[in-house]
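The values are calculated or read from the model by the stated rules, or taken from the named source; none is laboratory data. These numbers were taken from a predicted model, which means no experiment stands behind them. Note that we place each Cβ from the backbone using ideal geometry, even for glycine, and neighbour counts take in every protein chain shown.
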Amino acid sequence: MSNSAVFPPSREFVRNAHVQGMDAYLDLYHRAEQDPEKFWADIASQEIYWFEKWSKVLDWQPPFSKWFVGGKTNVSYNCVDRHCLTHRKNKVAILWEGEPGDQRFITYQELLRLVSRFASVLQSRGYKAGDRAVIYMPMVPELPIAMLACARLGIAHSVVFGGFSGEALKARIQDLGAAIVITADGGFRRGKKVKLKPAVDEALVDCPDVRDVIVYRRTCSEIAMKEGRDHWWHVLDEGASEDCPAVPLDSEHPLYVLYTSGTTGKPKGILHSTGGYLTQTTATMKWVFDLHDSDTYWCSADIGWVTGHSYIVYGPLSAGATTVMYEGALDYPNFDRWWRIIEKYRVNIFYTSPTAIRSLIRQGEHWPDAHDLSSLRLLGSVGEPINPAAWEWYHRVIGKGRCPIVDTWWQTETGSIMIAPMPGAVPLKPGSGTLPMPGIIADIVDLKGIPVGDDHEGFLIIRKPWPSMIRTIWGDPDRYHEQYWGKLPGIYFTGDAARRDADGYYWVLGRVDDVMNVSGHRLSTMEVESALVHHPAVAEAAVVGKPHEITGQAVCCFVTLKKGEWDHEALGKELRQWVAHEIGNFARPEEIRFSDALPKTRSGKIMRRLLREIVTSNTVSGDVTTLEDLSVVTKLAAQHDED
């Protein structure tokens, strides 16, 4: 758990890496720092095909940016067509496994055919650049096919996770002003058919502007089809043309809007555009994952989350990778499903969340140990700061001590990875995202914007614009300005607390509102959570501050235990003492609550805001549409009532 533990890259890894050694990283970083416009122009020229070159690299009118002004490109062309002109045409682009065990291997040539056909379907129904589509599908290849077909024509899309309710779907369709919904009859989850079309029908009662619903048949479930509005994907596809060229689009043309939950009842539509977004996701795909042409790469996220957009679909396909997609749950039919997939397809790069890692730790090492994971050469972590104990388990048990772990910090709003190690260059420290990517000018400041110096906690900020950055909140530029740029004018306020050590390494501590003030001590919830999960009995922990009339706030911990028989009363006392020993007596939790599960978003983030509401008011308000399982909150609130 010590900050001093350092894992340098092996000589073998450095020898084959794209960026070899710290000098190479520093050279890239300093080039970007000294002349950012030239740096990004060079990257854009190297990584992206442009129909027309830009006239200006950056137009920066804080807080609004335009990158590669006047340039014309197309994301779909870059992700598919251009590879079909090279040796990659018969390479597998998407390697898919459904939860029941069905498989598809889609080459770049076949992907071009499928995307062109579906784009022709959209075009034949009158959709064109400037229109908006909502995509509400399970994790099947037709989801990225629909995204790429929309991008091909300039139709801005919004992917809505397949577990959202009809009410949540309606809010997004209405906010976006979508004219078409692309969906499926359902998908498979833990052995059951999960219907999707009924939620669409429910949502569209109040969405009169939607003209068409295209339905992909996945589960063959019985569903209602409204004549004139609803169409089967496979029926439309039968007569579709395969000749549908990609439309040259302005670099700033809207690519997608992704809705995230906010503290208000209304989700925020994060808008990403075309040229700048694709430039940086492609570059970071290669820098962070050290991607080689022979690699099989798997990001376990759902495409409904930004990680799925940037690092399952657009980044990997633009870079010419083989990207793995899996439809179902990590624990179905057993907790070795992921390890079976890695063994079966000889996956080389695996990217997942700390939440998933901790849930797998809880099940024991016998699951991964039963499989040959020797194909792995690189591991990644995304979603929230990974605690050192989980990092060390991931490194030892999954990577067998030989795979670097790229711990990545970024946000829906940033579009691509901002802080992460280049694995052939940067020595690793468990729990640290290490160093910023080239072109990212990060700092840690106080509320006046003054740098706090090494080993002091403060607010993580980004000082300069970057190509993949959010352009605005859809339909609400004032909220965009206020939320991200209003606290420190001209500077992007991430909302995360962090500190930087003497080596310049960044340690992200979680959201600013995840910092407690206990008897005058600023205490990060992440710090307490790291201490708790270092205890051998604890699988996962979430910590929130609870109002206290004497200390200001008291530490309240929600704890999920590893499998076994535990005396909760005795263990509660032991854990309070454990935290006091690990951090200091002032951090001793007032309350330890044991729970079978914690409230999480579908992307795997723990929703500490809801836990904070439970311990303060025993009510839950604001947007809960991103929750994976609402019953978890209900049970915790009921437990609070009993207490």
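From the list Ala133, Ala129, which residue is modelled with pLDDT of 95 or more, buried (at least 24 other Cβ atoms within 10 Å of the Cβ) and assigned by TED's automatic domain parsing to the domain that holds Ser300? First the steps, then the outcome.
Working: Ala129 fails: buried (at least 24 other Cβ atoms within 10 Å of the Cβ).
Sole residue among the options that is modelled with pLDDT of 95 or more, buried (at least 24 other Cβ atoms within 10 Å of the Cβ) and assigned by TED's automatic domain parsing to the domain that holds Ser300: Ala133.
Need pairs with beta-carbon distance below 6 Å; first residue more than 24 Å from Met437 (Cα to Cα) and within region 396-414, second charged (D, E, K, R) and at pLDDT 95 or above; sequence gap 6+ or separate chains.
Val397/Glu365
Can you give me the number of residues within region 496-552 that are assigned to a helix (DSSP H, G or I) and modelled with pLDDT of 75 or more? Give the derivation first.
Within region 496-552, the subset assigned to a helix (DSSP H, G or I) is 512-514, 525-533.
Add one more test, that the residue is modelled with pLDDT of 75 or more, and what stays is 512, 525-533.
Counting residues in region 496-552 that are assigned to a helix (DSSP H, G or I) and modelled with pLDDT of 75 or more gives 10.
Do you know which of the residues in region 361-389 that are part of a loop (DSSP other than H, G, I, E, B), modelled with pLDDT under 95 and buried (at least 18 other Cβ atoms within 10 Å of the Cβ) is farthest from the chain's Cα centre (by Cα)? Let's see the steps before the verdict.
Within region 361-389, the first condition is being part of a loop (DSSP other than H, G, I, E, B), and the residues that meet it are 364-365, 370-377, 382-387.
Now narrow it down to the ones that are modelled with pLDDT under 95: 364, 382-387.
So of that shortlist, the ones also buried (at least 18 other Cβ atoms within 10 Å of the Cβ) come out as 382-387.
Working: Val382: 7, Gly383: 6, Glu384: 10, Pro385: 13, Ile386: 14, Asn387: 18 Å.
Only one residue tops the list, namely Asn387.
Tell me whether region 487-497 contains one or more residues that are assigned by TED's automatic domain parsing to the domain that holds Ala597, touching a residue at least 40 places away in the same chain (Cβ under 8 Å) and at negative phi.
Taking region 487-497 as the starting set, the residues that turn out to be assigned by TED's automatic domain parsing to the domain that holds Ala597 are none.
No, there is no match, as no residue in region 487-497 is assigned by TED's automatic domain parsing to the domain that holds Ala597, touching a residue at least 40 places away in the same chain (Cβ under 8 Å) and at negative phi.
Within region 81-126, track down each residue that is in a strand (DSSP E or B), within 24 Å of Val235 (Cβ to Cβ) and either of a type outside the set (D, E, K, R) or in the same structural domain as Phe188 (by TED's automatic domain parsing) (or both).
To start, the set of residues in region 81-126 that are in a strand (DSSP E or B) comprises 92-97, 103-107.
Keeping just the survivors that are within 24 Å of Val235 (Cβ to Cβ) gives 94, 96, 104, 106.
Ile94, Trp96, Ile106 - these are the residues of region 81-126 that are in a strand (DSSP E or B), within 24 Å of Val235 (Cβ to Cβ) and either of a type outside the set (D, E, K, R) or in the same structural domain as Phe188 (by TED's automatic domain parsing) (or both).
For residues that are surrounded by fewer than 22 Cβ atoms within 10 Å (Cβ to Cβ) and among the basic types (Lys, Arg), tally how many sit in region 136-188.
1
With respect to Ile357, determine if the residue is within 19 Å of Gly495 (Cβ to Cβ) and touching a residue at least 24 places away in the same chain (Cβ under 8 Å).
Working: within 19 Å of Gly495 (Cβ to Cβ): no; touching a residue at least 24 places away in the same chain (Cβ under 8 Å): yes.
It is false that Ile357 is within 19 Å of Gly495 (Cβ to Cβ) and touching a residue at least 24 places away in the same chain (Cβ under 8 Å).
So that you can scan it fast, the table gives a plain yes or no per residue for (1) at positive phi; (2) over 22 Å from the mean Cα position of the chain (by Cα); (3) in the same structural domain as Leu278 (by TED's automatic domain parsing):
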{"site": "His395", "(1), (2), (3)": "no, no, no"}
{"site": "Gly415", "(1), (2), (3)": "yes, no, no"}
{"site": "Met418", "(1), (2), (3)": "no, no, no"}
{"site": "Pro421", "(1), (2), (3)": "no, no, no"}
{"site": "Val452", "(1), (2), (3)": "no, yes, no"}
{"site": "Asp455", "(1), (2), (3)": "yes, yes, no"}
{"site": "Pro465", "(1), (2), (3)": "no, no, no"}
{"site": "Pro477", "(1), (2), (3)": "no, yes, no"}
{"site": "His481", "(1), (2), (3)": "no, yes, no"}
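Restricting to region 195-213, give me the number of residues that are acidic (Asp, Glu), in a helix (DSSP H, G or I) and out of contact with any Gly (no Cβ under 7 Å at 6 or more places or on another chain).
First, pick out the residues of region 195-213 that are acidic (Asp, Glu): 201-202, 206, 209, 212.
Among the residues that remain, those that are also in a helix (DSSP H, G or I) are: 201-202.
From what's left, out of contact with any Gly (no Cβ under 7 Å at 6 or more places or on another chain): 201.
Here the count works out to 1.
Considering only residues that are crowded, with 18+ Cβ neighbours inside 10 Å and in contact with a Phe, Trp or Tyr (Cβ under 8 Å, 6 or more places away or on another chain), which ones fall in region 67-81?
The first filter runs over region 67-81 and keeps only residues crowded, with 18+ Cβ neighbours inside 10 Å, leaving 67-68, 71-81.
Across region 67-81, the qualifying residues are Trp67, Phe68, Gly71, Lys72, Thr73, Asn74, Val75, Tyr77, Asn78, Cys79, Val80.
For Asp302, are the conditions met, namely being within 26 Å of Ser165 (Cβ to Cβ), acidic (Asp, Glu) and part of a loop (DSSP other than H, G, I, E, B)? Please lay out each step first, then the result.
Working: within 26 Å of Ser165 (Cβ to Cβ): yes; acidic (Asp, Glu): yes; part of a loop (DSSP other than H, G, I, E, B): yes.
So Asp302 passes the test.
Only strands (runs of 3 or more DSSP E) wholly contained in region 128-194 count here; list those with 3 or more residues that are of a type outside the set (Gly, Ala, Ser). If you could, list the steps in order and put the result at the bottom.
Numbers: elements: 132-136, 156-159, 180-184, 186-189.
Qualifying strands (runs of 3 or more DSSP E): 132-136, 180-184.
Would you please list the contacts, defined by Cβ atoms under 9 Å and residues six or more apart or on different chains, that run from a residue in region 501-515 that is farther than 17 Å from Pro354 by Cα and surrounded by fewer than 21 Cβ atoms within 10 Å (Cβ to Cβ) to a residue that is among the β-branched types (Val, Ile, Thr) and modelled with pLDDT under 80?
Going by the 9 Å Cβ cut-off, the qualifying pairs are Asp513/Thr263.
Please work out which one of (1) surrounded by 13 or more Cβ atoms within 10 Å (Cβ to Cβ); (2) under 21 Å from Trp287 (Cα atoms) is the condition Leu58 fails and give its number.
So Leu58 meets the others, but not (2).
Looking for whichever is in contact with a Gly (Cβ under 7 Å, 6 or more places away or on another chain), outside the structural domain of Ile270 (by TED's automatic domain parsing) and over 25 Å from Gln61 (Cβ atoms) here; the options are Val512, Val538, Val533. Which one fits? Explain how you work it out, then say what you get.
On the way: Val538 fails: in contact with a Gly (Cβ under 7 Å, 6 or more places away or on another chain); Val533 fails: in contact with a Gly (Cβ under 7 Å, 6 or more places away or on another chain).
None of the others qualify; the one that does is Val512.
What number of residues in region 445-493 are farther than 16 Å from Ser65 by Cα, surrounded by 22 or more Cβ atoms within 10 Å (Cβ to Cβ) and modelled with pLDDT of 95 or more?
Matching residues across region 445-493 total 1.
Residues are listed down the side, and each one gets a yes or a no for (1) at pLDDT 95 or above; (2) within 18 Å of Leu378 (Cα to Cα); (3) of a type outside the set (D, E, K, R):
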| position | (1), (2), (3) |
| --- | --- |
| Asp230 | yes, no, no |
| Trp233 | yes, no, yes |
| Pro248 | yes, no, yes |
| Tyr256 | yes, no, yes |
| Leu271 | yes, no, yes |
| Gly275 | yes, no, yes |
| Lys286 | yes, yes, no |
| Leu291 | yes, yes, yes |
| Asp295 | yes, yes, no |
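Look through region 337-360, keep the residues that are charged (D, E, K, R) and surrounded by fewer than 20 Cβ atoms within 10 Å (Cβ to Cβ), and return whichever of them is nearest to Asp293 (Cα to Cα). Break it down stepwise before answering.
Taking region 337-360 and keeping what is charged (D, E, K, R), we get 337, 340, 343-344, 346, 358.
Now drop any that are not surrounded by fewer than 20 Cβ atoms within 10 Å (Cβ to Cβ), which leaves 337, 340, 343-344, 346.
On the way: Arg337: 26, Arg340: 23, Glu343: 19, Lys344: 19, Arg346: 14 Å.
Residue satisfying both the conditions and the ranking: Arg346.
If you check every pair at least six apart or on different chains, which have Cβ atoms under 8 Å apart with a residue in region 204-221 that is more than 19 Å from Asp237 (Cβ to Cβ) and assigned by TED's automatic domain parsing to the domain that holds Lys170 first and a residue that is modelled with pLDDT of 95 or more and polar (S, T, N, Q) second?
Matching pairs, first to second residue: Asp206/Gln174; Cys207/Gln174.
Among the candidates Tyr326, Tyr345, Tyr351, Tyr277, which residue alone is touching a Cys at 6+ places or on another chain (Cβ under 7 Å), touching a residue at least 12 places away in the same chain (Cβ under 8 Å) and hydroxyl-bearing (Ser, Thr, Tyr)?
Details: Tyr326 fails: touching a Cys at 6+ places or on another chain (Cβ under 7 Å); Tyr345 fails: touching a Cys at 6+ places or on another chain (Cβ under 7 Å); Tyr277 fails: touching a Cys at 6+ places or on another chain (Cβ under 7 Å).
It is Tyr351.
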